[in-house]
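Report on one structure; see the data block that follows.
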Amino acid sequence: MVAVTNEVVLQGRISRPPEPKVLPSGDTVWVVRVVVPRADGRAGADWFDCALWSGRLRRSARGWATDDVVRVEGVLRRRFYRTAAGPRSVVEVEATGARLVRRLTRPARRA
C-alpha cells in the first residue's frame, strides 16, 4: 500500500505585502502570496496563497515585503465560506512553518 501524505513546500518570491484578513468568525489570518517559477522547464510561474494562522508565523510575516524570498511548509486545504452571493471556497496552503530566505535589497532611507 502506498502512503498518502499532504505536504507542501514552496520557496518563492512574495508578490505583494502580507495582509491580515478578519474572518466573519472574528478570527484573523494573515495571507501571503508566493510566486514560484515552474520547475518543468516551461516558461512562467505559479502563485499560491498561503494562510498563516499561528501567532508566531503572523509575527514573522509582518516584516516581509514584496519581492522577499520565503520558504513555506504546510498542507493543502480547501476552506469554505459564505458570501452575499452564496457559498464559496478557496484552496490555499495552510502554513505550519515559514521563514525568510532572502530579503529584497532596499535602498537606504534618506535622513
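The values are calculated or read from the model by the stated rules, or taken from the named source; none is laboratory data. Model, not experiment: these values are computed from the prediction. Heads up, the Cβs are rebuilt from the backbone with ideal geometry, glycines too, and the neighbour counts pull from every protein chain shown.
Filter segment 14-29 for residues that are crowded, with 16+ Cβ neighbours inside 10 Å and modelled with pLDDT under 95; which is nearest to V90 (Cα to Cα)? Selected residue: V29.
Mind checking whether some residue in segment 22-35 is part of a loop (DSSP other than H, G, I, E, B), farther than 19 Å from R77 by Cα and either free of Cβ contacts under 8 Å to residues at least 24 places away in the same chain or out of contact with any helix residue (DSSP H, G or I) (no Cβ under 8 Å at 6 or more places or on another chain) (or both)? Yes, the conditions are met somewhere in segment 22-35. Hey, does segment 45-67 have a residue that's part of a strand (DSSP E or B), more than 11 Å from the chain's Cα centre (by Cα) and surrounded by fewer than 10 Cβ atoms within 10 Å (Cβ to Cβ)? No; the residues of segment 45-67 include none that is part of a strand (DSSP E or B), more than 11 Å from the chain's Cα centre (by Cα) and surrounded by fewer than 10 Cβ atoms within 10 Å (Cβ to Cβ).
Considering segment 68-109, and only residues there that are among the acidic types (D, E) and part of a strand (DSSP E or B), the residue that is nearest to G55 (Cα to Cα) turns out to be E94. Considered as a group, the residues in segment 1-21 that are hydrophobic (A, V, I, L, M, F, W, C) and within 14 Å of the chain's Cα centre (by Cα) include one that is farthest from L76 (Cα to Cα), and that residue is I14. Within this structure, T5 fails the test of being surrounded by 10 or more Cβ atoms within 10 Å (Cβ to Cβ) and either assigned to a loop (DSSP other than H, G, I, E, B) or modelled with pLDDT under 95 (or both).
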